[in-house]
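Okay, so here's the structure we're looking at.
The values are calculated or read from the model by the stated rules, or taken from the named source; none is laboratory data. Just so we're clear, the structure is a prediction, and the values are computed from it rather than from any experiment. Glycine also receives a Cβ, built like all others from the backbone with ideal geometry; neighbour counts cover every protein chain displayed. Ligands, DNA and RNA are excluded from the accessible area calculation, which covers all protein heavy atoms including side chains. Shrake-Rupley method; radii C 1.70, N 1.55, O 1.52, S 1.80 Å.
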Amino acid sequence: MSFDRKRLLLDMVKDAGLEVVTVGMKNNRVAVDARAGNGLTATFQLSTSSKSDPRGDMNENGRIKRFARQNPAPGAAPQIEEEEAMSNTTPAAKELTQIEFYRLCEWLKIQDLATYASLEVLTAAAARICSHNVSEATVREAMTATGVTDPEVWTAIPDPQIVLARELAAIQYALGHEPSSLFRRYLETLGA
């Protein structure tokens, strides 16, 4: 049994305020049975592999802390940390598991967003992929995470008058002709 891995798991359990019941090996993993304040027990495990698994360690630490928060001693005041953590949670974290969010990101990367009329339509398609409702904020968060940008078809076309005035000005400059002062004033009033 890896002494360092055992020590890490014991520290995680004790830091969460749980009582250590037993320590041993289960399925080639370091295992600790811990008791919460209300008397419930749970088993927590870490791999003994020499390969580093920081994600797995963080996930198990989160599980330990969650177990401790959900099973406080009778009459104990609720922890303020939990309320703060809930208020700082992103829309995606509230709606999707990590695996579902990952699948959504992978799905977004292979989509041609120009085929979707709007973010609302994309969100409806994403809801079918996730098998439950997903908000536009969650899809937007997945787009940000994957570096996917809004396609040009989603941006509103400016007023046709502005487009026409800009194009006329560009043609005049390309021909080497300076637009008249009246036309320049007109462009300024349009904000073009």
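Assorted remarks:
- S135 accessible area, assembled protein chains, probe 1.4 Å, Å²: 40 Å²
- Heavy-atom surface analysis with a 1.4 Å probe gives the chain a carbon and sulfur content of 53 percent of its accessible area.
- Rounded to the nearest 20 debye, the dipole size of the chain about its Cα centre is 860 debye, using +1 on the Cβ of Lys and Arg and -1 on the Cβ of Asp and Glu.
- Probe 1.4 Å, protein heavy atoms only - accessible area per residue of the chain in square angstrom: 67 Å²
- Förster radius 35 Å - calculated FRET efficiency between L175 and D112 (Cβ-Cβ, nearest 0.05): 0.40
- Relative to the current alpha-carbon distance between D159 and E120, full extension at 0.36 nm per residue lengthens the span by 11.7 nm.
- Percent of Cα pairs exceeding the 22 Å cut-off, where the set is the chain: 68 percent
- At 1.002 mPa s and 20 °C, Stokes D of the range 13-73 from Kirkwood alpha-carbon radius, µm² per second: 180 µm²/s
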